[in-house]
Amino acid sequence: MIFVDLTLVLLAIIGFVVIVGIVAIAIYNSLISTLKQVENAWAQIDVQLKRRADLIPNLVETVKGYAKFEKGVLEGVTKARSALMSAKGPKDAANAENMLSGALKSLFAVAEAYPTLKANENFKALQEELSSTENKVAFARQFYNDMVMKWNTMILTFPNNLFAGLFGMNKEKEFFQATEEEKKTVKVDFSGM
Amino acid sequence: MPAMDFYKQISDNKRMTVLLFLAFFILIGLLAGIISILLGGLNVYGFTYFTIFGILIILFALISYYSCDSIVTFVSGAKEADKKKFNQLYNIVEEMCIASGLPKPRVFVIEDSAINAFATGRDPQHAVVCVTTGCLSRLNREELQGVIAHELSHVKNYDIRTMTIATVLVGIAVMLSDFILRFAFYSKGNSDSKDSRLFIVLIVVAIILALLTPLIANLIKLAVSRKREFVADAGSAEMTRNPLALASALEKISKDTEPLEAANKATAHLYISDPLKNNKGLWLKNMFSTHPPVSERISLLKGMSN
């Protein structure tokens, strides 16, 4: 009698351990793949930002030909790009990116007042490329936030939360926030014209 | 109706689709079972017929699964879009791919002034998105973005695969009913009085079911199609975070009464709005429509933005 009971108990324990093991493996794998998705999403943002920086020289060349164009605005764009190229570390880069965003916004806002520039085919193509790139940066950030939400939810819900701490994967990630600078609307000053 | 956020919309609709498919399989299982019994009796012969049907069903499904994208683009006269000429379109598609994490699909264009679009392909790696030239000239950039996002949602949710399977199921259901109606009278049966009474009941049930099945199967398929349209609308809102863009595009589409020449009954369900301009709000007519009423779609989208 005792032997039968022991065997059953042993089998039950082994069965339990096996099931827990399988669940743990499944959870670990899904955590890893989500983590990689988050990292990939973050890298994508940089891809789009670089694309934007690469388009700038072409833009400056096209706009320079319109001699009467607001010199200050053009210089703002060029300066921002140089700052970006010489940035050391992510904080500097982030600041430079914000400067560039602001400068580009000013440039396009001011361009509204120059009908010949607006009609220029090169400028129109560049405008579409740059505004599309701005969109892509925004969507890349949106996608990153979506992945962060997925990650944060995953590590906090049951049964993942039981294992996440064990695997060292229970740190919530930060959402990408728009900076104060980016939230400000661009004020265009036509008084200098 | 209180404003629903898009995540809840999407999960509600997906659940509905699963239930509808369950109904489909039960219906077909019933039919195949009846036929098997009628033909071979409740024994190994009947079971053999059932297996043969099963194999045919799987074969049909596989064939349609692998060939759906090329067939559709060929039938609608769509041509792959030139990257330089349709630069903005490619940009918008790329933007939406970034927002959704999908790989870039191939982009096709149909020369037609009607505003419409469709997506096809068995999975995101083999997807095709197609818009009319009417879309490009009459929608602004935001609206076009909303439409493309809707189509990419279909790709993301494997809707094309779902609807292909649904079409195959309808075909099978119709085929089985046809079979019953033709061969019900040639069925095997015992001369035992108790058994023959049961058999007559079975035959009557079979005939009624056979007459109703094509109708029921089609209604189920259309209900699935409508649910997926709502899911795709919600998916578009999720991608662009701008539900009003698609709402505005739908408004423009609803005001456009011109039917799309390239579409026909077989491909109508793929488009973003009924290209044959069928539904006009009547309840009964709506049950036979591949798309939900545009007014309902617009109000749902507006409800998502607050």
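So which residues in region B:212-248 are among the polar types (S, T, N, Q) and either in contact with a Leu (Cβ under 8 Å, 6 or more places away or on another chain) or farther than 19 Å from residue B:169 by Cβ (or both), if there are any at all?
Of everything in region B:212-248, those that are among the polar types (S, T, N, Q) and either in contact with a Leu (Cβ under 8 Å, 6 or more places away or on another chain) or farther than 19 Å from residue B:169 by Cβ (or both) turn out to be B:213, B:236, B:240, B:242, B:248.
Out of the residues in region A:124-142 that are out of contact with any Asp or Glu (no Cβ under 6 Å at 6 or more places or on another chain) and polar (S, T, N, Q), which is nearest to residue B:240 (Cα to Cα)? Don't jump to the end; show me each part of the working.
Applying the first criterion (out of contact with any Asp or Glu (no Cβ under 6 Å at 6 or more places or on another chain)) to region A:124-142 yields A:124-134, A:137-138, A:140-142.
Retained after the next criterion (residues that are polar (S, T, N, Q)): A:127, A:131-133, A:142.
Values: A:127: 21, A:131: 15, A:132: 14, A:133: 15, A:142: 9 Å.
Checked region A:124-142; the qualifying residue nearest to residue B:240 (Cα to Cα) is A:142.
So which helices (runs of 4 or more DSSP H) stay within region A:56-171 end to end and still have 1 or more residues that are more than 16 Å from the chain's Cα centre (by Cα) and over 26 Å from residue B:88 (Cβ atoms)? Steps first, answer last, please.
Working: elements: A:71-85, A:89-111, A:115-119, A:121-156, A:160-164.
Qualifying helices (runs of 4 or more DSSP H): A:71-85, A:89-111, A:121-156, A:160-164.
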remark   = Those residues of region B:68-94 which are modelled with pLDDT under 70 and surrounded by 12 or more Cβ atoms within 10 Å (Cβ to Cβ) amount to B:68, B:69, B:70, B:71, B:72, B:73, B:75
query = Out of all the residues in region A:112-125, is one or more modelled with pLDDT of 80 or more and within 14 Å of chain B (Cβ to nearest Cβ)?
reply = yes
key: Per-region count, region A:131-169, residues of a type in the set (A, V, I, L, M) and within 11 Å of another protein chain (Cβ to nearest Cβ)   = 5
ask   = What residue, of A:97, A:75, A:61, A:39, is of a type in the set (Asp, Glu) and within 14 Å of chain B (Cβ to nearest Cβ)?
value = A:39
Filtered residues of region A:45-58 (kept if in contact (Cβ under 8 Å) with a residue 24 or more places away in the chain and either within 14 Å of chain B (Cβ to nearest Cβ) or at positive phi (or both)) = A:45, A:47, A:48, A:49, A:51, A:52, A:55
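The values are calculated or read from the model by the stated rules, or taken from the named source; none is laboratory data. Not measured: the values here are computed from a predicted model. Every residue, glycine among them, receives a Cβ derived from its backbone with ideal geometry; neighbour counts consider all protein chains shown.
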